[in-house]
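Quick notes on the structure that follows.
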Amino acid sequence: VRSYSVLSLACSGENPSQRELADFLSLDPSQIVSLVDQLEKRGAVTREADPRDRRSKVIAATAAGRRLYRAAAAVVRESEAQSLRRLNEAERDTLRSLLRRVAFDSAD
């Protein structure tokens with residue numbers, strides 16, 4: 001899940017720095033380093049100089065990383081559809097909204 005999240009953000013076009021990834025995913029920077037290392041070894045991402053701060057690196061998806069992300073996202077969508085098959089679309093939307101609140105508003 002963490003690797004998928006890092007790859008998803010790398011594929012977003014936002015060119016997140018490792019620090020931004022750590023902040024967004026609420027992970028320790030050392031965990032991000034390990035996750036990026038693993039994805040880099042797979043050829044899915046690269047570390048590039050951050051044009052905003054030369055001391056920092058941004059994480060960019062490679063073509064192979066974008067293909068991997070598309071394949072993984074399809075599996076996620078299929079798994080979600082299977083898991084939520086008994087809910088109608090309004091119920092699915094409500095559940096997603098509540099889960100976002102739990103995941104992202106919990107710092108309050």
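Go through (1) open to solvent by 80 Å² or more (accessible area, probe 1.4 Å); (2) at pLDDT below 95 for Ala81 and report which single condition fails.
(1)
Of everything in the stretch 10-19, what is in a helix (DSSP H, G or I) and over 15 Å from Ala64 (Cα atoms)? Give them in sequence order.
Those that are in a helix (DSSP H, G or I) and over 15 Å from Ala64 (Cα atoms): Gln18, Arg19.
Here is a check on your reading of the model: is Glu14 of a type in the set (D, E, K, R), in contact with a helix residue (DSSP H, G or I) (Cβ under 9 Å, 6 or more places away or on another chain) and either open to solvent by 80 Å² or more (accessible area, probe 1.4 Å) or in contact (Cβ under 8 Å) with a residue 12 or more places away in the chain (or both)?
In short, yes.
How many residues, within the stretch 36-74, are in a helix (DSSP H, G or I) and open to solvent by 90 Å² or more (accessible area, probe 1.4 Å)?
5
Return the only residue of Arg92, Arg100 being open to solvent by less than 50 Å² (accessible area, probe 1.4 Å) and in a helix (DSSP H, G or I).
Arg92
The values are calculated or read from the model by the stated rules, or taken from the named source; none is laboratory data. Here the structure is a predicted model, which is why all the values come from computation and not from measurement. Positions of Cβ are backbone-derived with ideal geometry, glycine not excepted, and every protein chain shown enters the neighbour counts. Just the protein is used for accessible areas: all its heavy atoms, side chains included, with ligands, DNA and RNA removed. Shrake-Rupley method; radii C 1.70, N 1.55, O 1.52, S 1.80 Å.
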